[in-house]
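Quick notes on the structure that follows.
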């Protein structure tokens with residue numbers, strides 16, 4: 001193992017960057033802002049994909065695939081959308097290279113200029129609604145419930161692994177409906193799916209709410225979000241679901257004949273989560289020794305480390321370890337038997353701690369003689385020596401317990417870090433001294449929102465769906481307000 | 001249903017194009033050369049991915065993800081590679097758009113020109129070997145066995161859905177090894193994996209072999225291929241596995257310390273299959289009524305069509321149909337109960353035939369009274385009325401039988417369409433009158449290969465691995481040859 005991680009206390013941001021690289025999750029590439037997702041990091045993403053994909057299919061969606069490139073003119077068709085997306089993006093202008101005349105290297109062939117530039121998709125509403133136009137004639141063709149797993153590109157100036165990268169991986173759902181009510185229902189259903197996933201798989205509690213006007217998706221009438229709290233007290237927007245109204249149908253002229261035989265514009269939603277969820281997963285649970293992975297998303301749930309001297313002992317311990325591995329695997333648990341003879345147990349312990357494996361089993365000759373094994377939890381560092389007999393049942397329930405414990409810890413943290421404030425002074429003091437989520441009354445105007453953002457860098461994360469109605473006054477303007485909204489500094 | 005498909009006899013190419021679109025597999029998009037893969041087509045691709053992904057993991061590989069963009073200069077580093085790939089490709093030159101001064105639309109911002117252009121990956125050897133450089137110091141870091149599921153772009157002039165598109169989906173494996181022998185072993189292993197997949201899942205028999213110098217992958221020392229025969233007598237290259245020697249290690253300076261403590265260049269392989277396999281699947285088995293899908297890759301394996309008049313009959317038939325559906329699903333069979341009341345049974349029959357569902361069950365009131373059901377096979381059109389009791393066991397074995405029968409039919413076709421010829425006149429006659437695979441002696445020179453290609457458009461598909469040693473003379477030059485090679489016109 002190389003030197004220890006920077007601690008969270010010392011420098012949270014550096015701790016994160018080091019952890020992502022040292023735990024073999026991802027690294028920066030030779031291409032500015034683009035990352036390489038390494039096998040261990042990708043294995044976590046694959047587990048996320050599998051769970052989400054099943055949730056999407058269980059709610060009636062199918063996957064499809066739409067082009068990477070979008071003609072430039074498509075972006076001009078939806079006025080808000082172009083402002084939100086078409087500006088900072090990768091533009092393909094040519095389709096050929098040629099050898100340089102001096103023979104040294106290659107250059108763009110000026111003869112191979114595209115008539116119309118192509119934009120590398122930053123999101124696919126435009127190309128998809130241009131396609132849906134041909135799929136929809138009658139109400140019988142509706143709803144269309146498609147999802148796409150894809151890469152997208154947004155030319156970000158300041159990038160951070162997983163949290164903000166020029167290219168990232170995501171899924172984008174795009175649905176088309178005959179009625180407004182059905183589209184709103186779909187929008188809400190998908191933000192519920194995301195909450196379910198965040199809480200029951202990532203073990204990250206989230207606040208569901210709607211975005212204020214200024215934070216809404218470019219082209220949406222309403223944006224639903226799930227907001228998670230990281231250990232440094234900053235919020236991370238973890239998934240969004242947009243009710244797009246008839247905006248894209250208007251822009252791409254997508255009409256259908258309704259049951260009454262009349263022409264109507266189609267109603268739209270879109271919703272997505274991305275590799276950003278990897279950032280949420282890492283930042284919500286991990287500690288100064290490395291990753292803490294929720295068992296449901298850990299590529300390796302249990303590691304077995306043998307303690308031995310010499311080949312004879314190794315053979316004996318290995319035999320038992322392989323038995324245990326099989327018994328665990330029979331229960332659907334993923335197990336790594338770390339039988340490397342190039343590293344000592346202490347090194348292995350630290351490495352698997354760094355990589356966040358939820359349960360570590362260690363076994364030496366004395367254990368073998370006694371029929372025991374040492375069980376260590378990654379989340380609490382608790383260690384117990386237990387009988388090997390029945391260990392697979394114990395580990396199975398321990399994994400569930402760890403999943404629950406990680407989630408509970410995150411909830412407790414969020415409870416501690418959520419503060420109600422009733423004045424702007426208090427707001428600023430809490431933000432500065434403590435951070436976290438702040439619940440405060442707001443008069444609903446963009447001016448107030450802007451002022452707070454400019455003063456403090458805190459933004460309205462959402463107007464929580466479950467906020468109770470209460471009489472209050474805006475902390476800035478003193479105007480009346482009916483519910484508190486959620487403020488925080490955010491990633 | 002719209003009008004019937006053009007028949008294969010009448011116009012094979014048009015039959016293919018119509019089938020792809022009418023069976024809801026894919027369609028052309030607004031972006032030249034880029035396709036939209038529709039949900040039904042994508043569901044087949046997902047099934048392919050799942051099987052292949054498992055095969056890759058079972059042979060020790062992990063998935064990872066590398067950047068979409070590759071700096072232009074990377075392509076100049078491997079001399080052969082640049083000639084093969086860097087020419088016809090999408091080039092990103094700018095990273096921002098701006099509003100036009102006249103307020104009408106948007107344009108590329110000339111201020112936002114990239115210092116170095118980025119190429120949208122046509123294949124990822126260069127960016128991956130530039131990454132591997134930092135992953136490899138010692139023999140202990142080897143082998144690296146990565147695979148990537150990704151989109152790639154090659155600026156093709158003439159495109160056809162699935163067979164040749166500017167953007168396509170694929171997987172690309174990239175492995176790094178300490179020894180030449182191990183790399184060659186890996187190259188061969190992966191072409192065996194592809195053959196296994198093609199024959200046992202796609203039900204398409206393939207000839208394994210190596211490519212001649214001129215058909216080899218740009219940058220490879222040896223390219224292994226699997227070649228399939230389509231119903232029009234043309235070959236389709238369906239997967240390749242490349243032994244890259246130390247070419248990319250040289251180009252990107254990737255060295256490791258071997259067991260003897262000496263520096264050595266790393267050995268490489270790469271291998272891939274793409275959405276082109278969808279083309280193989282469609283063209284190998286389908287008929288004038290539509291798709292014929294091998295059961296192992298069919299998104300819907302069984303469709304149940306109810307025959308009824310009025311709500312009362314519908315309720316009765318539905319009840320039984322749902323029972324049968326459950327019994328089939330309990331066996332892991334995917335079933336669609338087509339309970340649409342907007343279409344008549346005849347329409348449904350034709351639609352599911354077009355979509356290639358392997359088994360159709362139809363049931364009306366008389367069946368219900370007799371405890372029978374009609375079972376129709378897509379591959380042979382055979383129909384039988386059978387007892388409902390135990391139908392799930394019958395259907396299960398029928399699906400296996402269909403899988404085998406489709407494969408056998410394709411093998412028989414290939415046997416009929418493979419001809420040994422011993423003179424150039426015979427070669428040309430067979431090619432013109434019959435088509436298919438031609439086995440002929442070749443003197444091993446690119447000149448001969450070129451002449452044949454220029455005269456006839458036939459190319460050497462491969463030098464088959466299982467070709468028996470026999471004394472012969474080249475059909476062009478009369479020079480001695482030790483084995484026959486495989487010629488065909490190809491997609």
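What follows draws every value from the coordinates through simple rules; no lab data is involved. Computed from a prediction, not measured in an experiment: that's the story for all the values here. FYI the Cβ positions are ideal-geometry reconstructions off the backbone, even for glycines, and counts take in every protein chain you see.
Over all distinct alpha-carbon pairs, what is the Kirkwood Rh of the stretch B:418-488 in angstrom?
Computed over the stretch B:418-488, the radius equals 11.8 Å.
Which log10 I(q)/I(0) values does chain A give at q = 0.06, 0.08, 0.10 Å⁻¹ under the Debye formula, counting every alpha carbon as one identical point scatterer?
-0.35, -0.60, -0.88
Averaged across the residues of B:93-101, what count of C-beta atoms belonging to other chains lies within 10 Å of each residue's C-beta?
Mean partner-chain Cβ count within 10 Å for B:93-101: 6.
What is the helix-to-structure angle for A:391-416, meaning the angle in degrees between its Cα long axis and the longest Cα principal axis of chain A, kept from 0 to 90 and rounded to the nearest 10?
Rounded to the nearest ten degrees, it is 50.
Can you sort A:77, B:451, A:309 by how many other beta carbons sit within 10 Å, fewest first?
Ordered from fewest to most neighbouring Cβ atoms within 10 Å, A:77, B:451, A:309 come out as A:309, B:451, A:77.
Shortest first and in nm with one decimal, please list how far the residue A:323 label point sits from its counterparts in the other copies (point 7 Å along Cα→Cβ).
Distances to the matching label points in the other copies: 4.9 nm.
For the stretch A:447-491 and the stretch A:11-82, compute the distance between their C-alpha centroids and round to whole Å.
Their Cα centres are 30 Å away from one another.
Please give the average number of partner chain Cβ atoms lying within 10 Å of the Cβ of each residue in B:20-31, rounded to a whole number.
Shielding by partners across B:20-31 averages 3.
Output the Cα-based Rg and Dmax of the stretch B:340-491 in Å, rounding Rg to one decimal and Dmax to a whole number.
Cα only, the stretch B:340-491: 24.4, 75 Å (Rg, Dmax).
Place the label 7 angstrom along Cα→C-beta at residue B:336 and in each other copy, then list the distances from the first to the rest in nm, shortest first.
4.2
Starting from the Cα gyration tensor of the protein assembly as shown, multiply each eigenvalue by 5, take the square root, and state the resulting semi-axes largest first in whole Å.
Here the semi-axes work out to 46, 38, 33 Å.
Shielding of B:32-44 by partners, i.e. mean partner chain Cβ atoms within 10 Å per residue?
That average works out to 5.
Relative contact order for chain B using alpha-carbon pairs under 8 Å, separation at least 6, rounded to a whole percent?
With pairs under 8 Å counted, the relative contact order is 14 percent.
Distances longer than 17 Å among the Cα atoms of the stretch B:96-165: what percent of all pairs is that?
When all Cα pairs of the stretch B:96-165 are counted, 68 percent exceed 17 Å.
Relative to the compact globular guide of 2.2 N^0.38 Å, what is the alpha carbon radius of gyration of the stretch B:189-322, as a ratio?
For the stretch B:189-322, the normalised Cα radius of gyration is 1.68.
On the first, second and third principal axes, largest extent first, how far apart are the outermost C-alpha atoms of the stretch A:207-268 in Å?
Computed over the Cα atoms, the extents are 56, 20, 14 Å.
Just order B:427-439, A:239-251, A:194-206 by mean Cβ neighbour count inside 10 Å, highest at the front, would you?
A:239-251, A:194-206, B:427-439
Note the direction-averaged projected area, equal to a quarter of the hull surface, for the Cα convex hull of the stretch A:47-138, in nm².
Mean projected area for the stretch A:47-138: 10.2 nm², to one decimal.
For the stretch A:300-397, what is one quarter of the convex hull surface built on the Cα atoms, given in nm²?
5.7 nm²
How far is residue B:98 from the same spot in each other copy, in nm, shortest first, if each label point sits 7 Å from Cα toward Cβ?
2.9
Can you give me the pair-distance distribution of the stretch B:275-325, C-alpha pairs, 5 Å bins, whole percents?
All Cα pairs considered, the percentages come to 4, 16, 17, 15, 10, 11, 13, 7, 4, 1.
Could you work out how far helix B:276-285 tilts from the main Cα principal axis of chain B, as a 0 to 90 degree angle to the nearest 10?
Rounded to the nearest ten degrees, it is 40.
Taking the Cβ of each residue in A:8, B:366 as the centre, tally the other Cβ atoms inside 10 Å and list the residues starting with the fewest.
B:366, A:8
Rounded to the nearest 10 degrees, what's the angle between the helix B:446-456 long axis and the longest principal axis of chain B, both from Cα atoms, 0 to 90?
40 degrees
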